[in-house]
Amino acid sequence: MLKPKLLISFFCLFACCLQSCDLFESVSKKEELPPATQEGKNTFGCFVNGKLWLPKGSNGTSNLDASYDPTFEDGAFDLNAYRIHDDTDQFIALGGKNVNKVGSYIFSQNLDSPGALLNDKKSKCSYSEQSNIISGSFTVSKLDIPNQIISGTFEFTLAKLGCDTLKITDGRFDMKF
């Protein structure tokens, strides 16, 4: 009877060690797209050409920031995120004017319309002009001005001569502003 108890104790001890070792942590901390929430959790994520993109790293400023001013331009919204990781140095921004209610906002090449950009320092491709937007939109699913929460989803396609076409899909954000 002593041997089964000893064996069970050994397995319990082994399981505890596994939980605290780096191998277990790397498996359990696998990056994934944040859930689509509407609580002001300060989350952002998307796929860029099928690869997960999350804000990461630091250049001395926050790698994720949102601002919203209901009194300027009938609702001015800006969302900025950057990723500095390994040899990646990218910046994604989206937003626009007249963002004043829950609904969809279509990106266009008109400077007065909502827009998006992506800057990739590694490839030296900067999709920073409205003419780089092929298609896309963002949807505001929650705009809670008293509690300063803006949440929603986005997707867009960017193209530039000499650079890869970028398809940004399954984008989501849940921000305090």
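The values are calculated or read from the model by the stated rules, or taken from the named source; none is laboratory data. None of the values given here were measured: they were computed from a predicted structure. Every residue, glycine among them, receives a Cβ derived from its backbone with ideal geometry; neighbour counts consider all protein chains shown.
Structure notes:
- Restricting attention to the range 40-50, the residues that are in a strand (DSSP E or B) and farther than 23 Å from Gln148 by Cα add up to 2.
- Selection status of Gly96, crowded, with 16+ Cβ neighbours inside 10 Å and in contact with a helix residue (DSSP H, G or I) (Cβ under 8 Å, 6 or more places away or on another chain): no
- Filter result (over 17 Å from Lys41 (Cβ atoms) and either touching a residue at least 60 places away in the same chain (Cβ under 8 Å) or small (Gly, Ala, Ser) (or both)) within the range 124-154: Ser126, Ser128, Ser131, Ser135, Gly136, Ser137, Ile145
- Residues of the range 54-107 that turn out to be aromatic (Phe, Trp, Tyr) and more than 18 Å from Gly171 (Cα to Cα), as a count: 2
- Meets criteria (closer than 14 Å to Leu143 by Cα and at pLDDT 95 or above) for Asp78: yes
- Among the residues making up the range 51-91, those that are under 25 Å from Asn147 (Cβ atoms) and part of a strand (DSSP E or B) are Leu64, Asp65, Ala66, Ser67, Tyr68, Asp69, Ala76, Phe77, Asp78, Leu79, Asn80, Ala81.
- Subset tally (residues that are modelled with pLDDT of 95 or more, out of contact with any Ser or Thr (no Cβ under 8 Å at 6 or more places or on another chain) and among the hydrophobic types (A, V, I, L, M, F, W, C)) for the range 95-114: 1
Listed here are the residues, each with its yes/no results for (1) among the aromatic types (Phe, Trp, Tyr); (2) in contact with a Phe, Trp or Tyr (Cβ under 9 Å, 6 or more places away or on another chain).
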position	(1), (2)
Pro114	no, yes
Tyr127	yes, no
Ile134	no, yes
Lys142	no, no
Ile145	no, yes
Ile150	no, yes
Gly162	no, no
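- Any chance Ile150 is part of a strand (DSSP E or B), modelled with pLDDT under 95 and in the same structural domain as Asn98 (by TED's automatic domain parsing): no
- For Leu117, the conditions (1) at pLDDT 95 or above; (2) in a strand (DSSP E or B); (3) touching an Asp or Glu at 6+ places or on another chain (Cβ under 9 Å) are fulfilled apart from (1).
- Number of positions in the range 114-168 that are of a type in the set (Lys, Arg) and surrounded by 15 or more Cβ atoms within 10 Å (Cβ to Cβ): 3
- Filter pass, Asp170 being in contact (Cβ under 8 Å) with a residue 60 or more places away in the chain, in contact with a strand residue (DSSP E or B) (Cβ under 7 Å, 6 or more places away or on another chain) and at positive phi: yes
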